[in-house]
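Throughout, read-outs are computed from the coordinates displayed, never taken from laboratory work. Just so it is clear, the model here is predicted, and its values are computed rather than measured. Methodologically, a virtual Cβ is constructed for each residue, glycine included, from the backbone with ideal geometry; neighbour enumeration extends over all protein chains shown.
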C-alpha cells in the first residue's frame, strides 16, 4: 500500500489496521481510485486499490491500445493500487482480458488485490445461445436472468484468469425500470438475480455482489430510480443478515453530487442520502466517474484550488474531492496509459479533506 494509506488490511487475513476516515488508494485499467473506509464490507477485503482498462478502440488483445492498458494496470499494481474494476462489456471483453494479462504477469498473490466486474448488458460473441428467453431481455440489450448472469460470470472468470471474483455487480439494473413495473423489477427480477448471486457466493465463484449504477441512485425516490433500502431488504429476505449484497457503485464527482445532497432513502420517519443509507445497511459505496471522462481534469474554478494547495493539476483536485466525501470507500479514476497513473497518483502526497472541510464546500 501507499504511504498515505491509513486504512489497510494485511493481505490474506481479515485483520484491519484502522484509523477511521483516512485515505485508501484504488485503480482500474480505465481508472484509478482513492477512498476511505465507511465501516462497510471493504474492511474484509484487501488493502484498497484501483481500477484499469475500460472503453477504447475495437482492436484485438495485441493491439497498441490493449498493450497500453496492460501497462497501465501493471503500473497501478506496481504503485500499490490493488482494487480493479472492469466489466464484460467494456471493449467487448478486451478490458477484462487486459486486466487478466496484467495480473498473470504481476506475480502478486491472489490475496493482494480485489477484482470487480459486471454483467447486465449484452455483449457480442458472449451470449448464452438458446438459453435466454425473450421475456428475460429488455430493450434488446439488458438482462438480469439467472441463466444469463451465470453465463456472464463464467466468461468473466475465464477472461480474468480467476476462480473467484471479489465483487460481481448487476450492471445498471435501473435499465429494467424503463420496461417493467417496479413490483416486477424488485419482487421478481431482483429477487431472482439476488438468489442467483447468493448461490454464486456459496459456491465460491464470487465473494460479494452489488449494483453498479449510473442513474439509479441519482434518481432514487423517483419511479425509475433505485431504492437501496428495498434492495437490501430483498437481500435479507433471500439470505438473512449474512447476505452478500455489500457493494454499490455510483457516479460522484464535482459535477454529480446527488449521492451526497439528495436525501431520498427512507428510514422510518427519517430521510437520508445514499451514503448514510449504505453505512446503516453495511454496504460499501464505490464512486465512479471521478474525472467525468476527463471533463474535470482541467479548467476547475479558482476557488477549488484549496482542495489541493500548490501547483497540482486539476485532475488531482477532482480526485481529492471524490475521495474525501464521507461515506465513499473507493473513488475510481479511468486511465488508459501508465503516464496517467503516475500523474494521478500525485494525490497520494496529500491527506483527504476532513469531513467538516468537505461539507463546507457545499455552503
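Would you kindly work out the equivalent ellipsoid of region 19-360 from its C-alpha gyration tensor and give its semi-axes, the square roots of five times the eigenvalues, largest first in whole Å?
29, 25, 18
Over region 19-360, what is the percentage of antiparallel beta bridges among all DSSP beta bridges, to the nearest 5?
35
Taking 0.36 nm per intervening residue step and subtracting the Cα-Cα distance, what contour gain separates residue 191 from residue 237 on full extension?
Stretched out fully, the residue 191 to residue 237 stretch lengthens by 15.7 nm.
Students often get this wrong: which residues of region 62-98 have the backbone nitrogen under 12 Å from the point 7 angstrom along Cα-to-C-beta of residue 179?
Correct set: none at all.
Wrap a convex hull around the Cα atoms of region 109-223, take a quarter of its surface area, and give that in square nanometres.
The orientation-averaged projected area of the Cα hull of region 109-223 comes to 7.7 nm².
Using only the alpha carbon atoms of region 253-363, find the Kirkwood hydrodynamic radius as the inverse mean reciprocal pair distance, in angstroms to one decimal.
Every distinct Cα pair counted, the radius reaches 14.8 Å.
With both bridge residues required to lie in region 206-298, what share of the DSSP beta bridges run antiparallel, to the nearest 5%?
Counting DSSP beta bridges with both partners in region 206-298, the antiparallel share is about 30 percent.
Can you compute the label reach from residue 154? Point 7 Å from Cα along the Cβ direction, backbone N cut-off under 18 Å, restricted to region 78-99.
So the set is 88-89, 93.
Want the number for residue 357 to residue 267: 0.36 nm per residue separation, take away the alpha-carbon distance, what's left?
29.7 nm
Nearest 0.05, what FRET efficiency do residue 199 and residue 125 give at R0 = 22 Å with Cβ-Cβ as r?
The pair residue 199/residue 125 has a calculated efficiency of 0.25.
Taking a spot 7 Å from the Cα of residue 104 along the direction of its beta carbon, which residues of region 64-97 have an amide N less than 11 Å from it?
So the set is 97.
Note down the nm distance, to one decimal, between modelled labels 7 Å out along Cα→Cβ at residue 295 and at residue 339.
2.5
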